[in-house]
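For reference, the structure is listed below as structure tokens.
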Amino acid sequence: MEIVIMLGAPGSGKGTLAVELAKETGIRHLSSGDLLRAAVKEGTPAGVKAKAYMESGNLVPDELIAEMIEDVVRADANTQTLLLDGFPRNVPQAEILAGMMARAGVTLRCALLLDVPDEVVVRRISGRRVCPACGAGFNVDLLPPKQEGICDACGAELIIRKDDKPETVRHRLEVYAEQTFPLIEYYRGTDKLVTVDGSGDDLAWKTQTALEKIRG
Ligand code: AP5
Ligand code: MG
């Protein structure tokens with residue numbers, strides 16, 4: 001197995017691009033946020049611990065998310081390429097991941113940074129709608145569902161994520177600047193960093209550009 005890490009601010013479009021990349025290539029997409037939201041919904045012990053951190057826009061404890069990711073990596077021995085969206089999120093998590101990969105004999109293909117200015121992020125998040133049943137993502141302005149408020153994939157009623165309130169989004173951007181910015185330099189230092197301009201809305205262009213960068 002090899003891993004591609006996806007880096008980018010909240011609302012930069014990591015999840016949206018990852019779904020396209022998975023469709024085009026069969027790469028397996030694993031979103032730490034989706035994994036945590038599923039645990040919260042199911043009320044697992046990890047989900048119960050994570051809930052308040054997530055709703056306030058803070059990171060959950062490193063060990064909590066690292067254990068959940070390691071369980072998936074271990075169970076996924078047959079996956080060729082795993083696209084990690086949202087993990088690692090800080091340098092200690094990157095070090096935990098490096099240890100995990102060494103134990104599992106997994107290599108790092110690259111860390112793909114979706115580079116998007118804050119004003120675009122705020123516009124995208126304010127229009128985001130998600131499906132609570134199947135996890136599909138939409139945007140009222142940019143990627144609207146065929147029928148307003150209804151998931152194209154499964155017909156459930158779309159919702160606004162609890163951490164998408166404007167004040168929580170501002171806090172998530174601060175947490176990103178404090179904790180995740182140093183990670184960009186960390187991967188630049190290992191020569192594994194590749195960057196895609198994520199500011200435009202042309203998803204097909206972004207998907208092709210990301211694929212070229214991943215393939216090197
Ligand atoms: P997580 O779910 O990872 O949230 P995030 O990083 O804040 O990122 P988002 O999911 O908000 O944005 P995105 O980049 O995926 O953008 P999207 O594709 O939706 O984490 C949530 C929380 O979980 C964290 O705050 C933390 O508490 C916890 N957590 C997760 N991982 C953790 C970790 N490793 N350690 C500790 N805690 C952790 O796009 C946004 C919008 O734009 C959408 O509406 C989309 O439709 C639209 N859009 C995107 N791209 C395009 C495009 N090209 N054209 C048109 N519309 C587009
Ligand atoms: Mg996401």
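The values are calculated or read from the model by the stated rules, or taken from the named source; none is laboratory data. The shown structure was predicted, so the numbers you read here are calculated from the model rather than taken from an experiment. Note that we place each Cβ from the backbone using ideal geometry, even for glycine, and neighbour counts take in every protein chain shown. Keep in mind that these areas ignore ligands, DNA and RNA; they rest on the heavy atoms of the full protein, side chains included. Shrake-Rupley method; radii C 1.70, N 1.55, O 1.52, S 1.80 Å.
Using a 1.4 angstrom probe, figure out how much accessible area the stretch 51-165 has per residue, in square angstrom, rounded to the nearest whole.
Values: 6000 Å² over 115 residues.
Per residue, the stretch 51-165 has an accessible area of 52 Å².
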Calculate the spin-label point distance for Glu42 paired with Cys134, positioning each point 7 Å from the Cα along the beta-carbon direction, and give it in nanometres. 2.0
Between Thr25 and Ala104, what is the spin-label point distance in nm, taking each point 7 Å from the Cα along the Cα→C-beta axis? 1.7
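Is the shape of the chain rounded, prolate or oblate, going by the alpha carbon gyration tensor and its root eigenvalues a ≥ b ≥ c, with a/c under 1.5 for rounded and a/b larger than b/c for prolate?
Values: a/c = 1.36, a/b = 1.20, b/c = 1.13.
Because its axes are fairly even, with a/c under 1.5, the chain counts as rounded.
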Quote the accessible area belonging to Phe181 in square angstrom, nearest 10, computed with a 1.4 Å probe and with ligands, DNA and RNA left uncounted. 110
Kindly report, to the nearest 10 Å², the accessible surface of His171 as traced by a 1.4 Å probe over protein heavy atoms only. 60
Running a GNM on the chain with Cα contacts under 10 Å, which residue among Arg103, Arg37, Arg123 ends up with the highest mean-square fluctuation? Arg103
Interchain or long-range residues, amide H under 5 Å from Arg129's placed H: Phe138, Asn139, Val140
Given the protein chains as shown and a 1.4 Å probe, how many square angstrom of Cys131 are accessible, to the nearest 10? 10
Under 11 Å from a point placed 7 Å out from the Cα of Gln80 along the Cα-to-Cβ direction: which residues of the stretch 7-29 have their backbone N that close? 25-28
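So, with +1 on the Cβ of K and R and -1 on the Cβ of D and E, and no other charges, what is the size of the charge dipole of the chain about its Cα centre, to the nearest 20 debye? Spell out each step's value before the answer.
Numbers: 26 positive and 32 negative charges, 51 e Å.
With only Lys, Arg, Asp and Glu charged at Cβ, the dipole is about 240 debye.
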Only four residue types carry charge here, +1 at the Cβ of Lys and Arg and -1 at the Cβ of Asp and Glu. Report the dipole size of the stretch 117-216 about the Cα centre in Debye, rounded to the nearest 20. 220
Whole angstrom only: what separates the Cα centroid of the stretch 104-127 from the Cα centroid of the stretch 39-83? 18
What are the residues whose amide H is under 5 Å from the amide H of Leu7, where those residues sit 5 or more places off or on another chain and H is modelled from the backbone? Leu112, Leu113, Leu114
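Taking Cα pairs under 8 Å and at least six residues apart, what relative contact order does the stretch 36-145 come out at, in percent?
Working: 53 pairs, mean separation 12.4, N = 110.
Normalised by residue count, the contact order of the stretch 36-145 is 11 percent.
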Sulfur and carbon atoms: percent of accessible area, the chain [1.4 Å]: 52
Largest fluctuation, Pro45, Pro117, Pro144 only, Gaussian network model of the chain with Cα springs under 10 angstrom, belongs to Pro45
Using a Gaussian network model of the chain whose springs link C-alpha atoms within less than 10 Å, name the residue from Tyr187, Tyr176, Tyr53 with the highest mean-square fluctuation. Tyr53
